[in-house]
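Worksheet: one structure, shown below.
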Amino acid sequence: MPEHSITPFPLTQLQARHIWLHAQKLDAAAPFGSGPEATLAAIEHLGYVQIDTINVIERCHHHILWTRIPAYRRDHLRQAQTIDKTVFEYWTHALSYIPTKDLRFFIADMELQRKSPKSWFSSVTASDLRKVIARIRDHGALSIRDIDDDVLVEKDHAWASRKPSKRALQLAFHAGKLTISERSGMLKTYELMDRHFQWDSRPRKASENQVANYLLDRALRSQGLASLDSICHLNPKRKPLLRQLIEARVRRGRLVPVAIDGAGKLEHWACPQALAGIPEAAAGVHILTPFDPLIIQRKRLKLFFGYEHLFEAYVPKEKRVHGYLGLPVLVDGEIVAVVDIKADRARRELLLQQWTWVGKGEQSLHKRAIEEKLHQFERFQFAP
């Protein structure tokens, strides 16, 4: 590969896939080791771990971490958030766990929420906001269940609460006044941000240029090959500045433009070192949540794997192809199947609702390996 060349470096789809799998740490058995420190290491490497409400099996944030940390325990995440305070919750493209060391890159978003709240919060008054913040300041951290003096209202959205205080808590969270100090399932405990982190002074807000560099570095680290779409997932307004930064790094030889077979006009870039030793294989079996970083960007997934994932939780049952919560199964670098499973918590077992083959290779050989991984996931699912 010629150094400092602006000629796109050619990659086959398979080579691109292996670079991405290596960046996602899905080509090694236990890339982050074990113990509580592995959880922080994984979140720092990935940049964020998405949170979602679906609960037919293990919550997706625990699932994502278990996929990369075979010895992962749920309490490791609680320790990071509540005790060590090395991760916090905030919005990336969705609500996520983020390393606390990166909090300064989100302060501008918090300030924007204070000045121009989303329409979702239009019913929240300044008085509502002062009331919940004062209550926490005077009486300590609380969850929505601790508020029993609300005058209940009719829901105006399927996911809304009948308690007006819930929306005030959420706005204070988005605005950076409160943080989530603890989580039990989807029940969140809110605390004053400054008191939770015990700061002498708040972190200094990153500039827009620093935020853009952070997003670029995060994508290059966790994706290996980055495009403007993958860097700015669901946040297209940052694309112009990101393009400027990318072009500057290309001129300095810090980034190389890449041409992936089948990508057409979609541009990708990589660090030179990512192209210097492209992995030749990716061994192992992984049962992935639809919210895994490898799966969540559907167009990228289709380009790299030739597989189009269908998220059918909100599709009528009779129209589903792979089931309510189809989980893509990765075997030796190929997505070969989709399994729809459900936790029977009373009997402490996983129920296989549907199994669909979507990939290449010997189904009989894959089936044995996948069944063993399902048994491992079942043991994790019902572990203390």
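What to note about this one:
- Where labels lie 7 Å past Cα in the beta-carbon direction, separation of Ser122 and Trp199 in nm: 3.2 nm
- Global form of segment 1-79, assessed from the alpha-carbon gyration tensor, a/c cut-off 1.5: prolate
- The charge dipole of segment 143-298, taken about its Cα centre with unit charges on the Cβ of Lys, Arg, Asp and Glu (plus for the first two, minus for the last two), comes to roughly 540 debye.
- Where GluC sites (Glu not before Pro) fall in DSSP loop in segment 305-368, at most 14 other Cβ within 10 Å: Glu308, Glu362
- Centroid-to-centroid separation of segment 349-382 and segment 180-207 [C-alpha atoms, Å]: 39 Å
- GNM top mover of His61, His18, His233 - the chain, alpha-carbon springs below 10 Å: His233
- Other-chain or far-sequence residues with amide H under 5 Å of Ile57's (modelled H): Ala343
- Most mobile of Gly176, Gly33, Gly185 in a GNM of the chain (Cα contacts under 10 Å): Gly185
- 3J(HN,Hα) couplings calculated from phi for segment 370-380 with the Karplus curve 6.51 cos²θ - 1.76 cosθ + 1.60 (θ = phi - 60°) are, in sequence order, 5, 4, 5, 5, 5, 5, 5, 5, 5, 5, 5 Hz; Gly and Pro show x.
- Beta bridges per DSSP with both ends in the chain, % antiparallel, nearest 5: 90 percent
- Using the Karplus relation 6.51 cos²θ - 1.76 cosθ + 1.60 with θ = phi - 60°, the per-residue 3J(HN,Hα) values for segment 317-331 come to 3, 5, 9, 6, 9, 10, x, 4, 10, x, 9, x, 10, 9, 10 Hz, with x marking Gly and Pro.
Taken together, the values in this text are just the output of simple stated rules run on the coordinates, not laboratory data. What you are looking at is a predicted structure, and each value in this text was computed from that prediction instead of being measured. FYI the Cβ positions are ideal-geometry reconstructions off the backbone, even for glycines, and counts take in every protein chain you see.
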